[in-house]
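One structure below.
The values are calculated or read from the model by the stated rules, or taken from the named source; none is laboratory data. On a predicted model such as this, the values are computed, not experimentally measured, just so you know. Here the Cβ is made from the backbone with ideal geometry for all residues, glycine too, and neighbour counts use every protein chain on show. Protein only, heavy atoms only, side chains kept; ligands, DNA and RNA dropped before computing areas. Shrake-Rupley method; radii C 1.70, N 1.55, O 1.52, S 1.80 Å.
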Amino acid sequence: MVNGKHAGRGLARPEQWPLYGGGVITEVLYVLALTGAAWLMAVVAEWLWL
Amino acid sequence: MILRPRKQDHLLIGKYTGKIVIGVGLLMVIPLITSIVFQEWDTAVDFVISMSACFIFGFGTQIVCRTERDLSWSHGLVVASGSWIVATIIGALPHWLSGHEGSYLDAMFDVMSGYTTTGLYLMQDLDHISHGLNMWRHLLTYAGGQGIVVIALTFLFKGTAGAYKMYVGEGKDERLLPNVVQTARAIWLVSLTWLVIGTAALFGTGLLLGQEPVRAFLHGLWVFMGAWSTGGFAPQSYNTIWFHSLSYEVICIVIMIAGSLNFALHWALWTGNRKELRRNVETVSFTVTLVVTTLVATFWLAKSGVYPDAMSLFRKAFYQLASGHTTTGFSTIYSKAFISQWGPVGMIATMIAMAIGASACSTAGGIKGVRIGIITKAFLQDVRKMISPESAVVRAKYHHIRGILLEDGVVRGALMITVAYMTMYALTAFVGTLYGYPLVTSMFEAVSAGSNTGLSCGLTDPTMPDLMKVLYIFVMWLGRLEFMSVFALIGYGYSMLRGR
């Protein structure tokens with residue numbers, strides 16, 4: 001321990017393990033939200049003009 | 001006074017360029033194994049020859065260019081830009097030996113397009129190339145997305161100060177971790193984790209679509225590589241329209257956008273800092289510009305009556321805009337149909353998305369969202385200054401991993417690179433018009449090449465003039481490395497001739 005923190009090298013630190021905090025899930029949800037917004041735009045455009 | 005480089009400088013640059021070329025040679029092991037597994041002996045021989053060329057050059061320079069000096073900033077930039085050229089010249093061997101390229105220049109065009117994650121290609125009879133060569137095409141773009149210097153840093157370098165200078169020279173300047181080699185490994189960790197998830201999703205979808213398992217796996221892997229690297233290569237000449245599948249398209253959109261995020265943002269999210277997604281200047285900028293360009297294209301296409309219903313509108317408009325904005329280049333629209341159906345408004349909306357591009361320190365190209373965010377904030381700051389009392393001190397900040405004060409130097413840097421991109425797009429389009437191509441077509445193709453996107457409206461093909469091919473190779477390289485390291489290489493060449 002250094003200054004109260006884990007002194008492990010780079011990737012070995014526990015808080016830096018992949019998927020910690022659901023990182024990939026957050027990224028997927030962000031893209032799906034954008035996709036949903038695009039779908040809504042298409043529905044509104046269909047209602048207005050098609 | 002310009003100083004002429006000395007022998008020690010040449011040796012240093014030769015040594016590190018050689019190491020990067022060794023990295024390219026090692027990369028060829030994967031397509032070599034692929035061609036052996038599928039008993040494609042001609043292709044296997046092509047890769048043995050090409051690997052030998054890489055190793056002869058790479059290890060030859062290690063013997064000839066012995067030096068213990070570390071890289072300075074100018075050396076690092078010169079190595080980064082120069083190694084991309086050397087790696088393109090040698091990396092084109094498998095393409096050329098395959099017999100699917102019209103000339104060595106065409107082979108170099110395809111390889112530079114792969115490394116820079118552009119996706120334009122001149123390869124002929126793409127639907128009948130070997131699995132080994134297809135693996136090489138997609139591996140080029142997957143590796144190029146992370147950066148060929150990053151590959152070499154991961155396996156072949158110790159974490160010296162000079163290594164960081166090469167890393168910056170490749171257009172990346174984020175340190176995910178204190179050490180640059182650890183940063184390179186972290187970038188690979190993110191990319192490889194997504195490789196497993198993305199390939200599995202596309203493989204499963206391919207099986208559901210009725211593909212046989214081996215084909216479903218290879219297509220899943222290659223399409224993932226094309227999407228994640230924002231490269232846009234696909235195993236079929238019809239690109240992703242070949243699959244005719246909504247689920248395949250949605251998965252591609254997820255992978256494209258994830259691939260276009262800054263690696264520092266990935267790292268922040270993966271280490272638990274989920275708030276970063278909505279605070280980061282790049283994601284805010286990307287979200288706004290993607291929504292606006294999609295809105296314009298969707299409403300324009302609906303008003304024009306090109307597509308019959310909301311589903312068709314959504315599938316065509318959003319896929320094209322997401323592909324353009326992330327600078328991927330996947331398309332579900334034929335190039336001729338794109339010109340005739342989308343018209344000038346649709347093409348300009350796509351062009352704006354491509355020109356802006358996605359995040360810095362990602363696999364994507366273009367001006368980058370962070371610069372658009374900084375310029376917008378600076379503009380708003382100036383407006384606030386004008387309407388505030390003269391004695392008021394108006395300060396602005398932007399958020400990228402941490403809050404950063406918007407200083408003049410930062411704005412100047414963002415504006416300078418933006419102007420450089422715009423000039424490059426304009427000059428490339430101008431050359432296209434000199435060759436007789438219509439203005440909108442040559443502008444579209446110029447922006448596509450310069451922003452490393454790869455969407456095409458049909459200008460790029462093997463019959464295009466050789467000078468245009470050379471120009472596109474140059475702008476793909478310039479756009480990917482973001483100018484400075486290329487200018488450093490040109491300056492190095494100039495100082496060899498005119499220095500004292």
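Data table
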| read-out | value |
| --- | --- |
| J(HN,Hα) series, region B:101-107, from Karplus relation 6.51 cos²θ - 1.76 cosθ + 1.60, nearest Hz, glycine and proline x | 10, x, 7, 5, 5, 4, 5 |
| Two-site label geometry, B:Val196 and B:Glu407: point separation in nm, points 7 Å out along Cα→Cβ | 4.2 |
| Cβ-based charge dipole, chain B, positive-most Cα from B:Thr271, B:Trp228, B:Leu120 | B:Thr271 |
| The protein assembly as shown - convex hull of alpha carbons, volume per residue in Å³ | 177 |
| Accessible area buried between chains B and A, both sides summed, probe 1.4 Å, in Å² to nearest 100 | 3200 |
| Charge-dipole axis of region B:239-371 as Lys and Arg at +1 and Asp and Glu at -1 on Cβ define it, positive-most pick from B:Asn239, B:Ala310, B:Ser260 | B:Ser260 |
| Those aspartates and glutamates that a straight Cα-Cα span of less than 19 Å connects to B:Lys303, excepting residues fewer than 8 apart in one chain | A:Glu46 |
| Chain B, dipole about Cα centre (Lys/Arg Cβ +1, Asp/Glu Cβ -1), debye to the nearest 20 | 1760 |
| Loop trypsin sites (Lys or Arg not before Pro), region B:1-64, which have at most 10 other Cβ atoms in a 10 Å radius of their Cβ (DSSP) | B:Arg6 |
| Percent RCO, i.e. relative contact order, over chain B, from Cα pairs under 8 Å lying at least 6 residues apart | 19 |
| Cα-centred dipole magnitude for the protein assembly as shown, charges only on beta-carbon of K, R (+1) and D, E (-1), debye, nearest 20 | 2000 |
| Farthest positive-ward along region B:307-399 dipole, Cα basis, beta-carbon charges - from B:Ala349, B:Ile367, B:Val394 | B:Val394 |
| Rotationally averaged projected area of chain B (alpha carbon convex hull; nm²) | 25.5 |
| B:Ala392/B:Val288 FRET efficiency (R0 35 Å; Cβ-Cβ; nearest 0.05) | 0.80 |
| Peptide B:288-298, shielding by other chains (average Cβ, 10 Å cutoff) | 3 |
| DSSP loop GluC sites (Glu not before Pro) with at most 10 other Cβ within 10 Å excluded, longest remaining stretch of chain B | B:69-389 |
| In order through region B:411-420: 3J(HN,Hα) via Karplus (6.51 cos²θ - 1.76 cosθ + 1.60), integer Hz, x for Gly, Pro | 5, 4, x, 5, 5, 4, 5, 4, 5, 4 |
| Mean residue ellipticity (222 nm) of chain B, computed from DSSP H runs ≥ 4 via -39,500 (n - 2.57), nearest 500 | -22500 deg cm²/dmol |
